[in-house]
Amino acid sequence: MPLYEGIGLINEKFPVVLEIGSALTKAGFAGENSPRCILPSTRRKIIKYKPEEIEHLCDIKEERDLYQALVEFLHLIYFRHLLVTPKDRKVVIIESIFTPTRWRTVLAKVLYLHYEVLNVLWIPSHLSAVCGTGADTALVVDIGKEEAHVIPLFNGVTFLNSISSHALGATAFDTNLKELLVKHVMKPSESLSSRLNSNIVENIRVRNCFVAPIARAENFEKIQDLEPKLSPFQVKISGDEFQEFQGFVRELAAEVWFQNEDLDGISIPMMILDVLSKV
């Protein structure tokens with residue numbers, strides 16, 4: 001290969017890839033194996049004479065406030081985490097097909113008018129997930145913060161009339177996990193429920209919980225007699241205070257996705273079967 005071709009490859013500026021979700025944002029460069037950073041999709045809301053609040057970007061209603069919040073949020077991503085100049089890079093936005101038009105419009109204004117990026121490519125998140133496998137026909141199960149979606153794809157075409165959605169996201173998982181933690185704590189406390197805030201519950205979900213194999217899950221009615229038994233685990237609540245919980249809570253929390261007991265009684269396996277029956 002000639003020398004000038006090698007120089008061209010080294011100087012090539014890969015596009016910035018952004019996936020701004022309801023809870024987390026992933027940012028990196030096209031062609032890399034993993035994101036450069038994963039950070040909460042939030043901003044610090046400062047009101048005079050009031051304590052500082054953390055507000056999710058998706059919860060901002062006013063368009064002017066959302067514009068300013070996205071300007072600050074993208075500034076953090078570009079200049080603290082990616083360390084590149086926005087004007088020199090093209091941008092790829094990975095977004096859900098359920099993203100509101102208002103959000104997409106404001107984000108486009110921020111990228112084009114404020115940061116003056118070269119070009120923006122919008123890709124549906126379920127298509128980007130399938131592209132990595134090299135397939136054009138798939139059934140995508142997307143579990144987000146609030147909702148879970150099952151999206152069928154055939155020969156690269158999305159069957160919009162067959163999509164199934166239900167409130168079985170991370171919030172449902174965390175709600176079930178918190179109830180189990182309060183119920184199966186080793187040393188019960190009346191104030192435990194109020195002290196288990198969303199950050200602590202999320203930390204337990206990420207660090208401790210898992211989905212059990214189906215052969216084990218079928219016998220969860222006698223979970224205390226199942227072998228091997230999971231040993232109790234400790235969690236830091238605040239300061240020097242630790243609480244110990246039964247080990248089986250780690251695998252029971254995910255059952256809300258497979259054996260849902262809400263008013264609709266819909267679970268992720270039922271959503272998959274429902275989609276397959278429509279396709």
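Is there a residue in the range 83-94 that is in contact with a Ser or Thr (Cβ under 6 Å, 6 or more places away or on another chain), in contact (Cβ under 8 Å) with a residue 60 or more places away in the chain and surrounded by 15 or more Cβ atoms within 10 Å (Cβ to Cβ)? Scanning the range 83-94 turns up at least one residue that is in contact with a Ser or Thr (Cβ under 6 Å, 6 or more places away or on another chain), in contact (Cβ under 8 Å) with a residue 60 or more places away in the chain and surrounded by 15 or more Cβ atoms within 10 Å (Cβ to Cβ).
Just to be sure, is Ser165 in contact with a His (Cβ under 6 Å, 6 or more places away or on another chain) and more than 30 Å from Val84 (Cα to Cα)? Can you show your working first?
Details: in contact with a His (Cβ under 6 Å, 6 or more places away or on another chain): yes; more than 30 Å from Val84 (Cα to Cα): yes.
The answer is yes for Ser165.
Which one is modelled with the highest pLDDT among residues in the range 4-35 that are among the polar types (S, T, N, Q) and under 16 Å from the mean Cα position of the chain (by Cα)? This residue is Thr25. Just one of the numbered conditions (1) in a loop (DSSP other than H, G, I, E, B); (2) out of contact with any strand residue (DSSP E or B) (no Cβ under 9 Å at 6 or more places or on another chain) is not true of Arg64: (1). Among the residues of this structure, Phe98 does not count as one that is open to solvent by less than 50 Å² (accessible area, probe 1.4 Å) and of a type in the set (Phe, Trp, Tyr).
Would you point out which residue out of Asp225, Asp264 is in contact (Cβ under 8 Å) with a residue 40 or more places away in the chain and either open to solvent by 100 Å² or more (accessible area, probe 1.4 Å) or out of contact with any strand residue (DSSP E or B) (no Cβ under 6 Å at 6 or more places or on another chain) (or both)?
Values: Asp225 fails: in contact (Cβ under 8 Å) with a residue 40 or more places away in the chain.
On inspection, the qualifying residue turns out to be Asp264.
Return yes when Val106 is β-branched (Val, Ile, Thr) and open to solvent by 70 Å² or more (accessible area, probe 1.4 Å) and no when it is not. The answer is no for Val106.
Given the residues Val256, Val275, which is the only one that is among the β-branched types (Val, Ile, Thr) and more than 21 Å from the chain's Cα centre (by Cα)?
Values: Val256 fails: more than 21 Å from the chain's Cα centre (by Cα).
That would be Val275, the only listed residue that is among the β-branched types (Val, Ile, Thr) and more than 21 Å from the chain's Cα centre (by Cα).
Residues in the range 228-244 that are in contact with a strand residue (DSSP E or B) (Cβ under 7 Å, 6 or more places away or on another chain) and either part of a strand (DSSP E or B) or more than 23 Å from Val256 (Cα to Cα) (or both): Phe233, Gln234, Val235, Lys236, Ile237, Phe242, Gln243, Glu244.
If you take the residues in the range 110-134 that are touching a helix residue (DSSP H, G or I) at 6+ places or on another chain (Cβ under 8 Å) and farther than 23 Å from Ser22 by Cα, which one is surrounded by the most Cβ atoms within 10 Å (Cβ to Cβ)? Restricting to residues being touching a helix residue (DSSP H, G or I) at 6+ places or on another chain (Cβ under 8 Å) and farther than 23 Å from Ser22 by Cα, the top hit is Val117.
In the range 183-204, which residues are open to solvent by less than 60 Å² (accessible area, probe 1.4 Å) and not in a loop (DSSP other than H, G, I, E, B)? Before the answer, list the steps.
Initially, the range 183-204 is screened for residues open to solvent by less than 60 Å² (accessible area, probe 1.4 Å), giving 184-185, 189, 191-193, 196, 200-201, 204.
Those that are open to solvent by less than 60 Å² (accessible area, probe 1.4 Å) and not in a loop (DSSP other than H, G, I, E, B): Val185, Leu192, Ser193, Ile200, Val201, Ile204.
Restricting attention to the range 75-87, the residues that are closer than 16 Å to Tyr112 by Cβ and touching a Leu at 6+ places or on another chain (Cβ under 8 Å) add up to 2. Any chance you could count how many residues in the range 136-178 are assigned to a loop (DSSP other than H, G, I, E, B) and open to solvent by 50 Å² or more (accessible area, probe 1.4 Å)? So the answer is 8.
Of all residue pairs spaced 6 or more apart or on separate chains, those with beta-carbon atoms under 6 Å, a first member in the range 28-41 that is within 13 Å of Ile94 (Cα to Cα) and free of Cβ contacts under 8 Å to residues at least 24 places away in the same chain and a second member that is open to solvent by 70 Å² or more (accessible area, probe 1.4 Å) and part of a strand (DSSP E or B) are Pro35/Lys26. Within the range 132-184, the residues that satisfy the criterion of being of a type in the set (A, V, I, L, M, F, W, C), over 15 Å from the mean Cα position of the chain (by Cα) and over 19 Å from Phe98 (Cβ atoms) are Ala135, Phe154, Leu177, Leu180, Leu181, Val182.
The values are calculated or read from the model by the stated rules, or taken from the named source; none is laboratory data. Note that the structure is predicted; figures quoted are calculated from it, not measured. No Cβ is skipped: glycine too gets one built from the backbone with ideal geometry, and neighbour counts run over all protein chains shown. Remember, those area values only see protein heavy atoms, side chains included, never the ligands or the DNA or RNA. Shrake-Rupley method; radii C 1.70, N 1.55, O 1.52, S 1.80 Å.
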